[in-house]
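The structure appears right after this line, and notes come after that.
Nothing in this text is a laboratory measurement; each read-out follows from the coordinates by a stated rule. Note that this is a predicted model, so its numbers are computed, not measured. Glycine also receives a Cβ, built like all others from the backbone with ideal geometry; neighbour counts cover every protein chain displayed.
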Amino acid sequence: MKLQKTVWALAAVAAILAGGCASDNSGGEREMNEFVTGLMERMTLEEKLGQLNLPSGGDMTTGAVMNAEITEMIKNGEIGGFFNVKGAQKIKELQRTAVEETRLGIPLLVGADVIHGYETVFPIPLALSCSWNPEAVERMARISAVEASANGINWTFSPMVDICRDPRWGRIAEGSGEDPFLGSVMAAAYVRGYQGKEMKQSNEIMACVKHFALYGAAEGGRDYNTVDMSRQQMYNGYFGPYKAAVDAGVGSVMSSFNVVDGIPATANRWLMTDVLRDQWGFDGLLVTDYNSIGEMLPHGVAGLREASAMALDAGTDMDMVSGGFYGTLKESLEKGDVDKSDIDRACRRVLEAKYRLGLFSDPYKGCDVDLAKQVTYCDEHRKTARETAAETFVLLRNEGDLLPLKPNKTIALIGPMADAGNNMCGMWSMTCTPDNHKSLLTAMNEATEGAGRVIYAKGSNVYGDERTETAANGIRPIARGDNERLLNEALAAAAKADVIVAALGESAEMSGESASRTDLEIPDVQKTLLRRLKATGKPVVLLLFTGRPLVLTWENGNVDAILNVWYGGSEAADAICDVVFGKVAPSGKLTTTFPRSVGQIPLYYNHLNTGRPDGDPTQFNRYNSNYIDESNEPLYPFGYGLSYTTFSYGEMTLDKTAINAGGSLTASVKVSNTGNCDGYETVQMYIHDVLASQSRPVKELKGFRRVFLKQGESAEVKFEINADMLKFYNYKLEYVCEPGEFEVSVGPDSRNLQTLKFTLE
Ligand code: BGC
């Protein structure tokens, strides 16, 4: 350690003496500009192009394997950074090569998809959003940064803030759900957590908000598919969270795979320059998604050389994986197809990101083998992950207060997720070590030790058909068994039990990238199992593992209790037991609508009205906007979630019924814990613009408060409403509020609301 530091100090002095990389030390934009300008004056065109190149290291093994190809590229000055390499020692060596064995000694950006934790894995982002607790999200991002930075990573490709209204899309798991207001609050929390105060400290890393833009609106929920959307919808429904991340000072932005207005986002100048840079003032680093410059060929827009020129011209600074920037921009420059000033601009942005991270002062930043051992997956982080996970579970149903269970019962724990410790984390947990994670069975045995008894049976495969199961399981397989035998074993186990706990749903990799589904029911054999368990007449608790809303219409009508545990991370098993046995009361609320049927999708709470709104939802009303065979109503609406206690709402009051442009009013409501235990309630406030120059959503979330109430306790919850909160992007894309009547609603979810009116004068 000491030796390494000495080596670096000498290298730094040598570099300075040789006119190489100097230390930035001080902050400030002016100093940074001088430093970067000075450095760029000494750079050749090839060296500048090298800075724009971001290849994948493809080496996530924890052993000492060194990536020879990356090392060669570093020595040749061909790359500005890399991603997908795990291990402090390996990364340190790669960084050392850049600093000591290249002409200018420019340090590297070291990226990774640290999306919901490094080795201490937190719930998937969709679940995190269901905590409605931005502090918890910030804490998770902070812990991720502490672990990742000690392991050599200085850049995470998170947060993913794509609004999604289509649960067929597997990547719904990676975002904060369907609402731009909540999504914006969460986006800012992620950025604060990763970047800390200013991104420069040893345990602060650069965040990357993605995927800009609109990736979550892929047609049919099929990944990478076409997006086509009005500008009003973009600005009002989808852009908010990206902008919130920019406002929070996010250091980098990643463009998306999809087209926007028919042009791949990667090369969409309107999006990258007009909106992101000019309108929002983003001055950080803009990186493409994985090989998305290369993908402009199948998009039918351009081959690699032309696509690279287009992407650069659109405002892209760094090319992830395609190699097009490094490989073709020189030729394009010679042919006059790109401007040198654009290459300089892109290079400057990469160097500025490195400067802001403090890499020119200390290229290794927090990367430290001993520290990594100390902080990675440490007890303190795991404790926080366990507590956070419990906050994200959503109690969807609890007939006869079946939950919490008493640990002194005989419990039949059944299902393919019950003993699948390697499946607790869900998607994008590449940096974790899933084989170390406790299974639910182990955790439940521990939680009931000395009191009750757990009888386990796997009960079913994930899918009956082996080929579908292989596709579903991805890299984290769950051992298969004979469908018939598994079912019989489960029924035998159930026969001996007081209560059945069925751990069913999606395997971890059934959501995330490239995991779209058309059927959103619990998969075939698991559903058969659940029906047979129900038929035993014993009480059934469904623990639902999923990365997306599923269609649970049958389950809601038949299963006694449903606790949605999403994918809860490395500590999920213990967290689930904390909630199942009542150490913690569930408090999560949905941030994504659960449909009654796939045919209703897209189904979201903040929709526009039609000219023919549906009437009585219990019957078919011809010539209204509805379906012959299904109601318009969701099964579980946005904002919904139960607790072990109950909350009652008093009558809402407004202190005024009119405000002007500079004024504000306060909506108040008394909320009381009327049940049998302490608990959190998230009180939600929605606004509706009754008549406007364009049709406005029937309601939009504009505020929420998460309050802890002891049994019997009450609190007065207040929301201040001002004219800014009534603004929207009109047809001319002006951000305005229009005078007239508004409705304000408060309640425990987006369906169960009380409403009052006020006027904006
Ligand atoms: C994903 C990104 C991710 C990148 C790097 C892409 O396939 O779309 O979200 O950050 O890979 O792993």
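When residue 510 is tested against the conditions (1) more than 19 Å from residue 222 (Cα to Cα); (2) crowded, with 24+ Cβ neighbours inside 10 Å, the lone failure is (1). Would you be able to tell me the number of residues in the range 45-87 that are in contact (Cβ under 8 Å) with a residue 60 or more places away in the chain, within 30 Å of residue 375 (Cα to Cα) and away from the ligand (no atom under 16 Å from the Cβ)? Total meeting the criteria: 2. Residue count for the range 286-303 satisfying the condition of being within 17 Å of residue 260 (Cα to Cα), away from the ligand (no atom under 14 Å from the Cβ) and part of a loop (DSSP other than H, G, I, E, B): 6.
Can you tell me which residue within the range 171-183, out of those that are assigned to a helix (DSSP H, G or I) and within 15 Å of the ligand (Cβ to nearest atom), is surrounded by the most Cβ atoms within 10 Å (Cβ to Cβ)? Don't jump to the end; show me each part of the working.
In the first step, residues of the range 171-183 are kept if they are assigned to a helix (DSSP H, G or I); the result is 171-174, 180-183.
Restricting the remaining residues to those that are within 15 Å of the ligand (Cβ to nearest atom) gives 171-174.
Values: 171: 28, 172: 29, 173: 32, 174: 30.
Selected residue: 173.
Please go through (1) touching a residue at least 40 places away in the same chain (Cβ under 8 Å); (2) exposed (fewer than 15 other Cβ atoms within 10 Å of the Cβ) for residue 734 and return the number of the only condition it doesn't satisfy. The failed condition is (1).
Each residue in the range 88-118 was checked for being more than 15 Å from the ligand (Cβ to nearest atom), part of a loop (DSSP other than H, G, I, E, B) and charged (D, E, K, R), and 2 of them qualify.
Just to check your reading of the model, which residue among 467, 476 is part of a loop (DSSP other than H, G, I, E, B), charged (D, E, K, R), under 18 Å from residue 523 (Cβ atoms) and within 33 Å of the chain's Cα centre (by Cα)? Don't jump to the end; show me each part of the working.
Values: 467 fails: part of a loop (DSSP other than H, G, I, E, B).
Testing whether each residue is part of a loop (DSSP other than H, G, I, E, B), charged (D, E, K, R), under 18 Å from residue 523 (Cβ atoms) and within 33 Å of the chain's Cα centre (by Cα) leaves just 476.
Does at least one position in the range 327-341 carry a residue that is within 16 Å of the ligand (Cβ to nearest atom) and touching a Lys or Arg at 6+ places or on another chain (Cβ under 6 Å)?
Of the range 327-341, the ones within 16 Å of the ligand (Cβ to nearest atom) are none.
No, because not a single residue in the range 327-341 is within 16 Å of the ligand (Cβ to nearest atom) and touching a Lys or Arg at 6+ places or on another chain (Cβ under 6 Å).
Could you tell me how many of the residues in the range 237-285 are in contact with a helix residue (DSSP H, G or I) (Cβ under 8 Å, 6 or more places away or on another chain), over 20 Å from residue 204 (Cα atoms) and assigned to a helix (DSSP H, G or I)? Within the range 237-285, residues that are in contact with a helix residue (DSSP H, G or I) (Cβ under 8 Å, 6 or more places away or on another chain), over 20 Å from residue 204 (Cα atoms) and assigned to a helix (DSSP H, G or I) number 14.
Okay, residues lined up against (1) closer than 16 Å to residue 568 by Cα; (2) among the aliphatic types (A, V, I, L, M):
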| residue | (1), (2) |
| --- | --- |
| 425 | yes, no |
| 440 | yes, yes |
| 447 | no, yes |
| 454 | no, yes |
| 471 | no, yes |
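For the range 311-334, a tally of residues being buried (at least 24 other Cβ atoms within 10 Å of the Cβ), among the charged types (D, E, K, R) and either in a loop (DSSP other than H, G, I, E, B) or over 29 Å from the mean Cα position of the chain (by Cα) (or both) returns 1. Annotation note: of 234, 186, 199, the sole residue that is more than 16 Å from the ligand (Cβ to nearest atom), part of a loop (DSSP other than H, G, I, E, B) and either of a type outside the set (S, T, N, Q) or within 22 Å of residue 359 (Cβ to Cβ) (or both) is 199.
Filtering the range 666-691 to residues that are more than 24 Å from residue 642 (Cβ to Cβ) and surrounded by fewer than 17 Cβ atoms within 10 Å (Cβ to Cβ) leaves 666, 668, 690, 691. Within the range 620-669, the set of residues being in a loop (DSSP other than H, G, I, E, B), β-branched (Val, Ile, Thr) and touching a strand residue (DSSP E or B) at 6+ places or on another chain (Cβ under 8 Å) comprises 645, 646, 657. Any chance you could count how many residues in the range 119-161 are away from the ligand (no atom under 16 Å from the Cβ), touching a His at 6+ places or on another chain (Cβ under 8 Å) and part of a helix (DSSP H, G or I)? Residues meeting the conditions: 5.
Evaluate the range 207-223: report whether one residue or more is surrounded by 24 or more Cβ atoms within 10 Å (Cβ to Cβ), more than 14 Å from the ligand (Cβ to nearest atom), of a type outside the set (D, E, K, R) and within 23 Å of residue 314 (Cβ to Cβ). Spell out how you get there, then give the answer.
Step one: of the range 207-223, the residues surrounded by 24 or more Cβ atoms within 10 Å (Cβ to Cβ) are 207-217, 221.
Cutting the leftovers down to more than 14 Å from the ligand (Cβ to nearest atom) gives us 217, 221.
Within this subset, residues satisfying the condition of being of a type outside the set (D, E, K, R) are 217, 221.
Keeping just the survivors that are within 23 Å of residue 314 (Cβ to Cβ) gives 217.
Yes - at least one qualifying residue is present in the range 207-223.
Could you please let me know if residue 164 is of a type outside the set (A, V, I, L, M), within 25 Å of residue 604 (Cα to Cα), buried (at least 24 other Cβ atoms within 10 Å of the Cβ) and more than 16 Å from the ligand (Cβ to nearest atom)?
No: the conditions fail for residue 164.
Within the range 353-372, one or more residues are assigned to a helix (DSSP H, G or I), more than 16 Å from the ligand (Cβ to nearest atom) and of a type in the set (Ser, Thr, Tyr).
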